[in-house]
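Reading through the structure tokens given below for one structure.
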Amino acid sequence: MEPSLLFAINYPLSDLVFYRAGGTAAYVAFPTTEKELLDVLDVWSKIGIPLVVIGHGSNTLFADGHHNIFVICMRGYEPTIQHNHKKSTMYAGAGVLLDTVVGQSVFFGYSQLCTMSGIPGGVGGAAKMNAGAFGSEMKDTTIAVRVMDIELRKSGVMEVDENTFGYRSSEFGNNIILLGVWFKFNEPSDMGGLVAQRLQNQRKEILSQRDAKQPLKYPSCGSVFKRPEGNYAGKLISDAELKGFEINGAQVSTKHANFILNTGNASATDIHNVINHVQRTVFEMSGVMLEPEVQLIGFD
């Protein structure tokens, strides 16, 4: 995306999502500031078609074909991080990659986000879905968010607590757009100290483990299914002998069963059909209906 591009017509949605598949949208906008976002919302309200807001598209799949929708892509929104040394807080705009925030927090000597190293996507989407890994979640450090009320066209700060979040979910509805997130850490800043050095080594190890255990060579959305209570999606899929199952290049990873990859030129329909097949087969084998973590838009 060119930095100067604010609006686009009949835009390929495959360019907006990690899966590199999907149809086209009637309109796509790329606001980078609050003023631009307000201008975009004014244009959308005059056009009068459904609105979809996405971030970096790491957890989204649009159906094939043309969609008469207006997409606001927040991946370039306010790409800044602010650190308050005295209060042990950080603020990140919605378009900042979560892993960039994790890296910065580790540099400053904060440990709470370290295990989330390597999670793809932006801060806004991570907060909305309460992203997490290895027992850590966004709710553990998020103390407030900056939001835009779509109907009122007003921005403001919303304080949050653990009740705001659920497992891979939150109470942030479709009537608001997340503009930024405030993180609060339990420990004091230790930039350049022994704690920071230890955390940087730990982060490198976590990233190395992700590279070894996860299929990062091909486009994917990461984990496709939420963890079912008392079990693991990857184990259930593996037990159902679905590793390697493929439809036209959409493949259940042989490396990590909860990843579905686009190994070539798979369409969104192919990927969706694999998702459905995995759900049906796992349910027949175990009685567990896996719930998708990926956001599926435009599918019947």
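The values are calculated or read from the model by the stated rules, or taken from the named source; none is laboratory data. Worth saying up front: this structure is predicted, and the values here are computed from it rather than measured. So basically every Cβ, Gly included, is an ideal-geometry build from the backbone, and we count neighbours across all protein chains shown. Note: areas computed on protein heavy atoms with side chains; ligands, DNA, RNA excluded. Shrake-Rupley method; radii C 1.70, N 1.55, O 1.52, S 1.80 Å.
The longest part of the chain holding none of the exposed loop GluC sites (Glu not before Pro), meaning those outside H, G, I, E and B in DSSP with at most 13 other Cβ atoms within 10 Å, is 1-150. Sticking with the crude label model, points 7 Å out along Cα→Cβ, report the distance from Thr100 to Ile49 in nm, one decimal please. For Thr100 paired with Ile49, the spin-label model returns 3.0 nm.
Can you work out the FRET efficiency for the pair Met285 and Asn10, with r the C-beta to C-beta distance and R0 = 41 Å, to the nearest 0.05? Intermediate results must be reported in sequence, preceding the final value.
Details: r = 42 Å, r/R0 = 1.04.
Given R0 = 41 Å and the Cβ-Cβ separation, E is 0.45.
Of all the stretches in the chain, which is the longest one without any exposed loop site, taking chymotrypsin sites (Phe, Trp or Tyr not before Pro) in a DSSP loop (any state but H, G, I, E, B) with at most 15 other Cβ atoms within 10 Å?
Numbers: sites that count: Phe134, Tyr167, Tyr232, Phe299.
It works out to 1-133.
For a straight C-alpha distance cut-off of 26 angstrom, the lysines reachable from Lys46 (same-chain residues fewer than eight places away being disregarded) are Lys35, Lys154. DSSP beta bridges confined to the chain are antiparallel in about 75 percent of cases. Could you pull out every one of the lysines with an alpha carbon less than 23 Å from that of Lys87, ignoring same-chain neighbours closer than 8 positions? Reachable lysines: Lys139, Lys184.
With +1 on the Cβ of every Lys and Arg and -1 on the Cβ of every Asp and Glu, and nothing else charged, how large is the dipole of the chain about its Cα centre, in debye rounded to the nearest 20?
Values: 25 positive and 30 negative charges, 127 e Å.
Value, rounded to 20: 620 debye.
When only alpha carbons are used to place a centre, region 231-300 and region 82-148 end up 29 Å from one another. Along its first, second and third principal axes, ordered by size, the chain spans 54, 52, 34 Å in Cα coordinates.
Run the count for region 195-298, please: Lys pairs, Cα-Cα under 13 angstrom, 8 or more apart or on different chains.
Numbers: Lys213/Lys255; Lys217/Lys255; Lys226/Lys235; Lys235/Lys243; Lys235/Lys255; Lys243/Lys255.
So the count works out to 6.
Using a 1.4 Å probe over the heavy atoms of the protein chains, calculate the carbon and sulfur portion of the accessible area of region 1-61 as a whole percent. Please list the in-between numbers first.
On the way: 1530 of 2760 Å².
That share works out to 55 percent.
Spin-label pair Arg210-Glu187: with each label point 7 Å from Cα along the Cα-Cβ axis, the two points sit 2.0 nm from one another. Loop-resident trypsin sites (Lys or Arg not before Pro) (DSSP state other than H, G, I, E or B) in region 16-112 with no more than 16 further Cβ atoms inside 10 Å of their Cβ: Lys86, Lys87. Taking 17 Å as the cut-off, the amide N atoms of region 120-157 that come nearer than this to a point 7 Å along the Cα-to-beta-carbon line of Asn175 belong to 147-157. Note on region 19-113: Rg/Rh from Cα positions, Kirkwood definition for Rh, rounded to two decimals, is 1.09.
Per residue, the accessible area of the chain comes to 47 Å² when a 1.4 Å probe rolls over the protein heavy atoms.
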